[in-house]
Amino acid sequence: SALAPSASRKHPRSEMHALSATSSRVVSAASRQTRSLGRVTRASGQVGTKAPTSSSHKIPRRSVFLASGMTPLLRLATASTAVTYASSATAKPAQNAQSEISKVLLDPKYPDVFPFGEKEMQRYDEAADDAFYAQPRFVKHIDDDAIGALTKYYATVFPAVPKEGDEKIAFLDVCSSWISHYPSQYVASDKLKISGLGMNEDELKKNPILTDYAVRDLNIDATLPYEDNTFDVVTNAVSVDYLTKPLEMMKEVQRVLKPGGLAVMSFSNRCFPTKAVSVWTSTGDLDHIWIVGSYFHFAGGFAGLAATDISPKPGKTDPMYVVFARKEA
């Protein structure tokens, strides 16, 4: 997340970074417990209860052509133009959604150089992000069905929880908050480290699965405060649309992943439109797959780039999409 938000941001939507442009310190779970008003239970009972759903706005589906006048983002061999391709995808969502989403990165025809510059990364609200995310919001930013779909997807791609005798594994949730949507068996232990990086410390302190957390605004400093080859998995949930330095951040993700490690970027069509970058708010779902795929592609060092539609009930619930790849071994 450009900022550091996670699927559980404080704002009316989980897609909002929990950015906190203040610092890059890493705080251990132990120190967090002693500082949380005498409560030893980090979640303080809230994670298990139903949180209010955010009132985040849905981004309107506009043209698949960028407002900047660039050529169509989607130029697949199976469609004569991006417009006809997108039209066919929205005509029969229940039947074609998965196949259309999956096709986007089969032959994305990316240009020779990264296609997005300062103009595409501008936002309607360019005020400091630390002010926007200063107030913690313990709400969900996507609906329960979408959250369930993401958790189920994680369960299919995450490495197994290590048992006695297994090697340790480590996870990093970028743009994290008070909830990460990981399957329930993934809880920090001697064999399982889960780090979180976000914008709001109060939210991060409430996340019950984290071993440690760091507070950082990735739109100011896109570096990740971790050593090379540290993590087996890096996740970013509903926050990629807020990143103004996505290429720099994805290079950092590649750096901190272990060889063969998995990077998972998930997103919906909900966001804070004033804080999402212009290339996101001026395009539709299929374009978003292409855009996020470009972050992996131009960061370099990733293999197996692909996308999948994990929307639980197309047309009835919040959609959920995943773009993923592994660090080259």
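Per-atom-type breakdown for the stretch 136-179 gives carbon and sulfur 53% of the accessible area (1.4 Å probe, protein chains only). Taking label points 7 Å from Cα along the Cα-to-Cβ direction, A306 and D221 give a separation of 3.7 nm.
Each Lys or Arg adds one and each Asp or Glu subtracts one; over the other residues with Cβ under 10 Å from the Cβ of I291, this totals -3. With a cut-off of 12 Å between beta carbons, the residues surrounding A131 carry a summed charge of -4, where Lys and Arg count +1 and Asp and Glu -1. Rounded to the nearest 10 square angstrom, E328 shows an accessible area of 100 square angstrom against a 1.4 Å probe.
The residues of the stretch 212-329 have, on average, 27 Å² of accessible surface per residue, using a 1.4 Å probe with all protein chains present.
Judged by the ratio a/c of the largest to the smallest principal axis of the C-alpha gyration tensor, the stretch 137-270 counts as rounded, that ratio being less than 1.5. Under 17 Å of direct C-alpha separation, and excluding same-chain neighbours fewer than eight residues apart, K258 reaches these aspartates and glutamates: D166, E167, D173, E227, D228, D232, E328.
Across T283, T244, the residue with the most accessible area heads the list, and the full order at a 1.4 Å probe is T244, T283. Applying the criteria of a DSSP loop state and at most 11 other Cβ atoms within 10 Å to the GluC sites (Glu not before Pro) of the stretch 108-142 yields E118, E126. Note on V157 and T274: the extension gain reaches 38.8 nm, defined as 0.36 nm multiplied by sequence separation minus the Cα-Cα distance. Over 32 Å apart at the Cα level, from the set K119/K206; K168/K275; K140/K251; K251/K275, are K119/K206; K168/K275. Within the accessible surface of the stretch 218-285, defined with a 1.4 Å probe on protein heavy atoms only, the carbon and sulfur portion equals 51 percent. Largest first, the extents of the alpha carbon coordinates of the stretch 277-326 on the three principal axes equal 37, 25, 12 Å. Computed with every protein chain present, the accessible area of F267 is close to 0 Å² [probe 1.4 Å]. FRET efficiency for the A329 to D166 pair, using the beta carbon distance and R₀ = 22 Å, is estimated at 0.65.
The values are calculated or read from the model by the stated rules, or taken from the named source; none is laboratory data. Nothing here was measured: the structure is a model prediction, and the numbers come from that model. Neighbour counts are summed over all protein chains in view; Cβ atoms, including those assigned to glycine, are modelled from backbone coordinates with ideal geometry. These area figures cover heavy atoms from the full protein model, side chains too; ligands, DNA and RNA do not enter into them. Shrake-Rupley method; radii C 1.70, N 1.55, O 1.52, S 1.80 Å.
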